[in-house]
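Computed from the coordinates by the stated procedures, all read-outs in this text should not be read as laboratory data. Predicted, not measured: the structure shown is a model, and the values here were computed from it. Here Cβ is always computed from backbone atoms with ideal geometry, including for glycine, and neighbour counts include all displayed protein chains.
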Amino acid sequence: MADHAHDPRLHRRLIDAFYTEAMLLADEARHYFDEGGRAEREALPPMERVAFSCESLKVTTRLMHVIAWLLTQRAVVAGELLAAQALEPSRRLGAAPETEAGALDPFPPQARALIEGSIDLHRRVALLDNANARETPVASPARSMLDRLSTAF
């Protein structure tokens with residue numbers, strides 16, 4: 001029986017599916033927060049407008065962390081980056097900004113859906129990032145250097 005947990009084709013399909021979802025959500029969020037949601041935002045009381053703007057920035061931050069992480073994973077799949085390099089702290093998934101419970105209640109439904117969608121996507125990608133960190137042994141610096149030398153010549 002095949003080990004599906006370590007199947008590179010399955011991993012690639014998962015990364016591609018997350019990437020497509022992230023890009024679609026980023027495009028939808030950009031369109032809504034930059035254009036379509038402007039009238040809805042302006043209809044909110046002043047403090048809720050500020051909160052709305054802050055939440056739109058949090059959506060962007062979450063999505064950019066996810067997209068950067070997914071591009072790193074694509075580089076690993078393509079052989080452009082070693083799996084151990086993808087585990088370096090600068091290449092791991094960035095922390096998601098917190099959204100306080102109840103903060104979304106006064107927002108229009110589409111804004112809530114986008115914010116909640118970004119939170120959910122980041123949470124799911126974080127599970128995969130953490131699983132990669134647990135499953136992939138980090139090679140010693142000496143082993144990494146030998147591996148790089150063997151591929152260079």
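Which distance in nm do the two modelled labels at Leu71 and Glu88 give, with both placed 7 Å along the Cα-to-Cβ direction?
Between Leu71 and Glu88, the simple spin-label model gives 1.5 nm.
So what does log10 I(q)/I(0) come out to for region 7-152 at q = 0.10, 0.12, 0.16, 0.18 Å⁻¹, using the Debye formula with one equal point on every Cα and no solvent?
-0.43, -0.58, -0.85, -1.00
Listing Ser90, Ser53 from the residue with the fewest other Cβ atoms within 10 Å to the one with the most, what is the order?
Ser90, Ser53
Do any GluC sites (Glu not before Pro) in region 49-111 lie in a loop, going by DSSP, with at most 13 other beta-carbon atoms within 10 Å of their beta carbon, and if so which? Walk me through the numbers on the way to the answer.
On the way: sites: Glu55, Glu80, Glu98, Glu100; in loops: Glu80, Glu98, Glu100.
Sparse-neighbourhood loop GluC sites (Glu not before Pro): Glu80, Glu98, Glu100.
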